[in-house]
Structures are given as C-alpha cells and as structure tokens.
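Participant: Let me give you the structure first, and then I'll get to my questions.
The values are calculated or read from the model by the stated rules, or taken from the named source; none is laboratory data. Note that the structure is predicted; figures quoted are calculated from it, not measured. For neighbour counting, all protein chains shown are included, and Cβ atoms are generated from backbone atoms with ideal geometry for every residue, glycine included.
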There are 2 protein chains.
Amino acid sequence: MQLSNDVFIIGTGESKYGELWERSLREISVEAGLKAIESSGIRTKDLDAIYMGNSLSGMISGQENIGALMSDYAGIADEDVPTLRIEASTASGAAAVYEAYLSIKSGEYDLVMVGGVEKMTELYGNEMIDISSSILDREWEAFFGGTPAAMAALSARKYMKDFGVGKDVMAAISVNDHKNASMNPTAHFSNIITMEQAINSTPVAEPLNLMDCAPQSDGASSIILASEEFVKREKKEGVKIAGSGISQEYFALHSRDSLYSMKSTVSASRKALQKAKVGLNDISFAEIHDSFSIYGVMALEDIGFAERGKAKDLVFSDIGLKGRIPINPSGGLKAKGFPYGASGVGQFVEGYLQIMGKAGKRQVENAKYGLLHSVAGTGSTSIVHILGGE
Amino acid sequence: MQLSNDVFIIGTGESKYGELWERSLREISVEAGLKAIESSGIRTKDLDAIYMGNSLSGMISGQENIGALMSDYAGIADEDVPTLRIEASTASGAAAVYEAYLSIKSGEYDLVMVGGVEKMTELYGNEMIDISSSILDREWEAFFGGTPAAMAALSARKYMKDFGVGKDVMAAISVNDHKNASMNPTAHFSNIITMEQAINSTPVAEPLNLMDCAPQSDGASSIILASEEFVKREKKEGVKIAGSGISQEYFALHSRDSLYSMKSTVSASRKALQKAKVGLNDISFAEIHDSFSIYGVMALEDIGFAERGKAKDLVFSDIGLKGRIPINPSGGLKAKGFPYGASGVGQFVEGYLQIMGKAGKRQVENAKYGLLHSVAGTGSTSIVHILGGE
C-alpha cells in the first residue's frame, strides 16, 4: 500500500557540542528540545510524541528509559506525550528520526519531536574504551581487544595497500571538517588544521592518527517533524524528508565481503535516493558519518560520489563548500563533534539550516537536496535520508 | 488523517523463561525468532524489518546495537532486513511491538518481526540491584538508595494504610500467577503457592516479600506482525491488534499525585480501548504488569476492572481462568517470569495463543478480546494494547 503523507522538518535546536564538564545529560537534552520548540513556533501541548536517540546512557550514566526522563525534565510530563528511546549504537539519532518519520507516515501522529543526546565525558580512559566497544560484537571483537579505532585501522590499512594511497586521502576529510566547523558555532572544534598537522598527529591505531578520529563529545540535537496536513494548516515553512533508507549487513567486521566497503551504506543510499526520486547529481551537499576518516573515504565511494578506490580524485579539491559536492558543511563527526546518539539528529539540523538558507558563513550556495548518512558501529546498520524538494 | 491498515499477529515463538545459565543472549533470542518464523509459515527473506525490545544488554553484557547483532546471528544479515532496538526500560518489549505496529500502519512495511530479549542472570547481587535501578531516576531515586523493590514497597505501604487492607490482597495476585504458570511450559516457575506461603515468604522490602516480587529471568519472545493486505494475499490466520495506547507521566515517584495510581496506565488503557472501540466488559482476559504484586493491584484499579481501593473485592475469587476477568493466564511477570525486554512481547504471545484457542490447559473459554498492559519502571510510561475482533 502506497500512502502519500509527506513529513517536514519545521524547526531545530542544539546544545553546544564539546566537553561540557559542568552540564548534565538531562540539561543539554532539554536545552536542545526547547530551542527546537521555539524555532518551530509550536506549543508543547500540540506534540503527539517524542523519540529520543541515545546509545550509551545506561553504560555511562546508569540511566535507562531516558525518553521518559527527558519528557519529565522538559516540564511536559503532565501533557502525556508518549516518549520512546531508539538505539542503534552510533546511528541512534538517525534511527530515532526514522521512527518519528514512520509514526507520522502511519497517520497516528501529526507533530513529533526527535531528540538525540549523549554525555560522553562522564568517563574516560580504559573504562570509556571498553564502553565504546559495546558497539562492536562483544564476544568476537571486543573480547579479543578490538576497539572502534582498531577496527577502523584494519579498514584503513587494507584500503591504503589495495589502492596504493597514503594517509593524505584520509587526512583530507578531517582537514575539510575542521575548516567547516570553524564556521559553525555549535561545533566542538573551531580550529583549522593543515594536512601536515593531520598526518603527523599522535598515532592512535596505525595508520590512524588523532586527527583521523572523531572526538568523544557531549552534545544534544533536536528537530521537530510535522505532517503535510499540519504544515499546511499552521502555515509553517519546512524542509521535506524526501526519502529514507535503512540497511543491515553482518555485525562483525570479519564476516564482511570487504574491509573497505559497507554494503549497508551502498544499499541504504540506493534505497533513499530511489524513494526520493532523485539522483546523486541532484544532491547539493552531504553529511557523512566520518567517525574515523577512513569511514568518510569509504562513504564517498559507497554512496557513489567516487568510484571504488578513487576518493583521492575527489577529496583534495571537490568536497569544500564551493566544491563539486560539499561534504560535511557542519564540520562532520570529526570537528562538529561526535556525541554518539546526537550526531544523527545533528545532521538533520545542518540539513535543515542549509536548505532553508540559514547556515551563515558555511552556507552552501543553492542548497536544494541534502544527503544525510549515519552508521552504526563499523557498518552493521546504515541509515540514509534525503532532504529537500517540493 | 485516518488510515485503515489493520495489523495482525500471524505467529509467535518463545524460549523457555528461567535461569538459563548455560545459554547466551543471542542464542535464546534467535531461538524465539526462528520459532516465530516457523509458526507463521513465512520466509525470512519476506521480512521487511525487525524491532528488538531490550532494556539492559548494554549494562549487563556490554553489548549495544543488539538489533543488528540478532539479525546477523539469525543468519539473515545477507537479506538486508532493517533492525532497530527500542528501549523503554521494563516496557521495552511492548514499545517494540508498538513501533512495529506503526511501521506497518505507515504503509512502508508489510511483514515485521518483533523480538524481546533479556539475559538477567549474567550478574547478581549488589551489581544487579544497581543495574536494575537504572530504570529509576538515577540522580533523585537510585542515588539515594532507591531500588525498584523499595519504590514498590512505598506504594504498597500507603495502599494498605489508606484502604485498610492486608498483605493478602497483594499475595492473591501472585498465587493466581503461580497457578496459571503451572500450566504454561514456557514459565520460569511451575510450582503452585498458597496464600500462607506467599504472605510468610522472606521479606524483601517491607511490606513486600519474596512472593510479591517478580524474578529476574532470562528469556526471549518473538511475534510476527503482518498487514491486512499480506494476511489476505497469503491466506494467513491471525489475531488483530485492535487498539494501542501509550502514555507518560512524571518519571520519579515523588513527583506523582498518588503513590498507588499510575496516571500513565489510566490514560493508556483509556486510549487503547477507545481506538479498539470496545469497553472493559468486552475484555475476555488481561495480561497485566505485576513486576511487584502491588503493581498488579494498582493495574486492576487503574485500568478500571475494580474501583479505587476495591481490588480486594476482585482478587480472591474473580481473576482465575474461569473468573469474571481472568488475569495473567500466562502466569504473569511473577510466575511466567520477568526478563525485562522480553515480557512485553511475551504478553502478545499469550494473547495470540488465547484468542487462537491454542493455550492448552490454561485456555480461557471464548477468549475474544485481550488487554495487554506493560509498564516502564514505576510507571513513567505505560503501554496498553487490545487484541482481537474482526
């Protein structure tokens, strides 16, 4: 059965991304939510539901059911707004948007808030490495010492060997991210970095250096979604979610066909483009999941912006704000920051601002369609959304 | 916009509930899923999505993103079935069913599997008490020593005082549960208990004794949901999800208007009945969330089977399989068992079996409509579904 009940983003809000030592999970989450409500000009009592994307609050803060907790702390517990948490590790935010999108498509809801939040800096060192490894296969990867960085390093080494390229191809992703983040007041990092600085930064898991690894940030992002009917009735401006795709593949890296291609990304982006009825040439900008720079390189090839092994022909000159395909105008996971459950929602905030022409100094000219790409762990789940269009 | 795309349960499967020391999270989860697939006669490649309900796998087993993990271990990673995890603490299973239901209502999917799983016995003692307290407000309840049992005890004491009743009103819920569970091969406990045994069992948190507290069980439950179109095309038999309601209220107990009423249950059951267009008198049986016996008593009153303070007029004679309103034919949380993320899905398994007339010795006569009631923590979220009807 094919229904046509389009879904629009009508407002957004974010906390600062960064090391927010003095602020709590609930505080930043509520800040982002209230800003989104203000930005969209709605009343909280009109909300039909809230979806929260979060990955690690149980393990980090000993707190489950944060959907309900946040509704309480936002002061709307009395308004009986159903609130659930959606989790797909580092793609939790995008997954929450996806569920909210379906809930409106279902005809059950007209106005839904999505929040993404993560407070990563409560813990650090070995304890935090262990917790962040919960996004891997605990029994077959983490147990034997695999960490997210170590798994990404395997992909990077194999990619460099098979295609005869150097660290510079990966570093270019991070350099571009930092440049864009310097124009994004929300971003964790505001400093510009050079290729030399990136390539020569502290080793983390060879061949990946510190500047190849997204930071563990605190942060919260929120968006308000509305049905076509609501948008027309209330005369709201918004950005359409034109298509979405979600795909799975093997959980552990050792089961995959390739170390440097995520089949889930290939499939999810194809699905999303098909649903949106647009081609890659129509895309004005993309937010890609570069938790490690090698994943950014892989995403460019998996989505199809570059052929396999040919990201090197793209990353040095064509991914800037004025390039052929602007990548991560927000600053991406590397420089805007990487609060696990928030990042996926943060991509929607950037997509909304770009298409509404409200992105300030980092505005992409004539931004019409945006592609948003979020990944769980090392690629077990990929979620792609296309924003834009009439 | 009102759509009419009904959703049906066409098959179910469960692992044994209990202390499954020798079996892993992934093993029992896959067992339940494969049984559900077999029971419904579908092919895995026809599945459009999988929703997993789980509360504590991150904190207990250090494993996140178990949706993707389970799809891999079920051997269907190659079939690219989108899989997400839904969490609302002890209501995670019911929440996962709700999301699956919406996804079919949306017209995006025709055939969806829901799995609920929890492996509680990996940890025990103080560590497990701390983890299970993650379903409370960590900063305002658990931090000061509040545990799930302690919070329920506050409700029990106040209820007993205000209505001048004894422990027997609560014990009657557990006695009924054990009797029904003795006829359910899936159940954690198969022993019948007497009122005397229940009332005189080991104190846990006065006035609650061991027999007032649901056990920490391992277990997995799974159901297959299909659209009306799929059911007709494939000539499947099934049980309709006639209505659903999900409601919120304040997270922490100290914010509530009453210690012995969950506003979220009052509201969720009203919503569900309204959507199903049936009254309480049409309900043939109910599965209620009695993680503690006092919550069972409160549920009877919040849903409306008894007036406030009058559960005592119901529980001693009218909740058996042949009673006015059979409660927890499955054995309930107390005796079928309480694997957090699985229980909500398990209620649907029981509802399906009862309405299909396949519940064996514990069959409720002429079971036509069932009410399923699931609660997050101490009542921050309640989810009610009505099964049955044409």
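Participant: Does A:D137 satisfy the criteria of being without any contact (Cβ under 8 Å) to a residue 40 or more places away in the chain and not β-branched (V, I, T)?
Facilitator: Against the criterion (without any contact (Cβ under 8 Å) to a residue 40 or more places away in the chain and not β-branched (V, I, T)), A:D137 does not qualify.
Participant: In the stretch B:130-162, how many are within 21 Å of B:S217 (Cα to Cα), more than 12 Å from chain A (Cβ to nearest Cβ) and surrounded by fewer than 16 Cβ atoms within 10 Å (Cβ to Cβ)?
Facilitator: 0
Participant: Name every residue in the stretch A:17-51 that is part of a loop (DSSP other than H, G, I, E, B), more than 9 Å from every other protein chain (Cβ to nearest Cβ) and either among the basic types (K, R) or under 30 Å from A:H178 (Cβ atoms) (or both), in order of residue number. Break it down into steps so the answer makes sense when it comes.
Facilitator: From the stretch A:17-51, those part of a loop (DSSP other than H, G, I, E, B) are A:17, A:19-24, A:41-43, A:47-48; that's our starting set.
Subset that is more than 9 Å from every other protein chain (Cβ to nearest Cβ): A:17, A:19-23, A:41-43, A:47-48.
Correct list: A:Y17, A:E19, A:L20, A:W21, A:E22, A:R23, A:R43.
Participant: Can you spot a residue in the stretch B:261-268 that is within 14 Å of chain A (Cβ to nearest Cβ), part of a helix (DSSP H, G or I) and within 19 Å of B:E390 (Cβ to Cβ)?
Facilitator: no
Let's see how each residue does on (1) modelled with pLDDT under 95; (2) closer than 17 Å to B:S222 by Cα; (3) touching a Gly at 6+ places or on another chain (Cβ under 6 Å):
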position	(1), (2), (3)
B:G18	no, yes, no
B:I42	no, yes, no
B:S61	yes, no, no
B:A68	yes, yes, no
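Yes/no per residue for (1) of a type in the set (G, A, S); (2) farther than 29 Å from A:I86 by Cβ:
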| position | (1), (2) |
| --- | --- |
| B:Y260 | no, yes |
| B:T265 | no, no |
| B:L273 | no, no |
| B:F292 | no, no |
| B:D302 | no, no |
| B:D313 | no, yes |
| B:S317 | yes, yes |
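Participant: When you scan the stretch B:290-300, do you find a residue that is touching a strand residue (DSSP E or B) at 6+ places or on another chain (Cβ under 7 Å), charged (D, E, K, R) and within 21 Å of B:N328 (Cα to Cα), even just one?
Facilitator: Within the stretch B:290-300 (the criterion being touching a strand residue (DSSP E or B) at 6+ places or on another chain (Cβ under 7 Å), charged (D, E, K, R) and within 21 Å of B:N328 (Cα to Cα)), the answer is no, since none of the residues qualifies.
Participant: Applying the selection to the stretch B:57-78, what residues are more than 24 Å from the chain's Cα centre (by Cα) and among the β-branched types (V, I, T)?
Facilitator: Selection gives B:I76 alone.
Participant: Among (1) more than 22 Å from B:S217 (Cα to Cα); (2) within 13 Å of chain A (Cβ to nearest Cβ); (3) in contact with a Pro (Cβ under 8 Å, 6 or more places away or on another chain), which single condition is B:V384 missing?
Facilitator: (3)
Participant: Only one of these conditions is not met by A:S174: (1) more than 19 Å from the chain's Cα centre (by Cα); (2) in the same structural domain as A:I327 (by TED's automatic domain parsing). Which number is it?
Facilitator: Every listed condition holds for A:S174 apart from (1).
Participant: If you don't mind, there's one more thing I want to ask. Would you confirm whether any residue within the stretch B:52-67 is in contact with a strand residue (DSSP E or B) (Cβ under 9 Å, 6 or more places away or on another chain) and over 30 Å from B:N126 (Cα atoms)?
Facilitator: Among the residues of the stretch B:52-67, not one is in contact with a strand residue (DSSP E or B) (Cβ under 9 Å, 6 or more places away or on another chain) and over 30 Å from B:N126 (Cα atoms), which makes the answer no.
Participant: Where in the stretch B:56-152 are there helices (runs of 4 or more DSSP H), lying wholly inside it, with at least 1 residues that are among the aromatic types (F, W, Y) and in the same structural domain as B:E234 (by TED's automatic domain parsing)?
Facilitator: It comes to B:66-73, B:92-105.
Participant: I would also like to ask the following. Identify the single condition in (1) modelled with pLDDT of 95 or more; (2) closer than 30 Å to B:T83 by Cβ; (3) crowded, with 24+ Cβ neighbours inside 10 Å that B:A171 does not satisfy, given that it satisfies every other one.
Facilitator: For B:A171, the failing item is (2).
Residue by residue, here is whether (1) farther than 18 Å from A:E31 by Cα; (2) surrounded by fewer than 24 Cβ atoms within 10 Å (Cβ to Cβ); (3) within 9 Å of another protein chain (Cβ to nearest Cβ) holds:
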residue: A:G53; (1), (2), (3): no, no, no
residue: A:S61; (1), (2), (3): yes, yes, yes
residue: A:G67; (1), (2), (3): no, no, yes
residue: A:I76; (1), (2), (3): no, yes, yes
residue: A:E79; (1), (2), (3): yes, yes, yes
residue: A:A88; (1), (2), (3): yes, no, yes
residue: A:A91; (1), (2), (3): yes, no, yes
residue: A:A100; (1), (2), (3): yes, no, no
residue: A:G107; (1), (2), (3): yes, yes, yes
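Participant: Could you list, in sequence order, all residues of the stretch A:194-214 that are buried (at least 21 other Cβ atoms within 10 Å of the Cβ) and not in a helix (DSSP H, G or I)? Break it down into steps so the answer makes sense when it comes.
Facilitator: Taking the stretch A:194-214 as the starting set, the residues that turn out to be buried (at least 21 other Cβ atoms within 10 Å of the Cβ) are A:198, A:208-209, A:211-214.
Scanning the stretch A:194-214 gives A:L208, A:N209, A:C213, A:A214.
Participant: If you don't mind, another one. Would you confirm, using the coordinates I've provided, whether B:N184 is assigned by TED's automatic domain parsing to the domain that holds B:H254, in contact (Cβ under 8 Å) with a residue 60 or more places away in the chain and part of a helix (DSSP H, G or I)?
Facilitator: No.
Participant: If the requirement is being out of contact with any helix residue (DSSP H, G or I) (no Cβ under 6 Å at 6 or more places or on another chain) and surrounded by fewer than 24 Cβ atoms within 10 Å (Cβ to Cβ), which of these qualifies: A:K16, A:K45?
Facilitator: Sole residue among the options that is out of contact with any helix residue (DSSP H, G or I) (no Cβ under 6 Å at 6 or more places or on another chain) and surrounded by fewer than 24 Cβ atoms within 10 Å (Cβ to Cβ): A:K16.
Participant: Just one of B:A32, B:A95 is crowded, with 24+ Cβ neighbours inside 10 Å and farther than 18 Å from B:G337 by Cβ; which is it?
Facilitator: One residue alone meets the criteria, B:A95.
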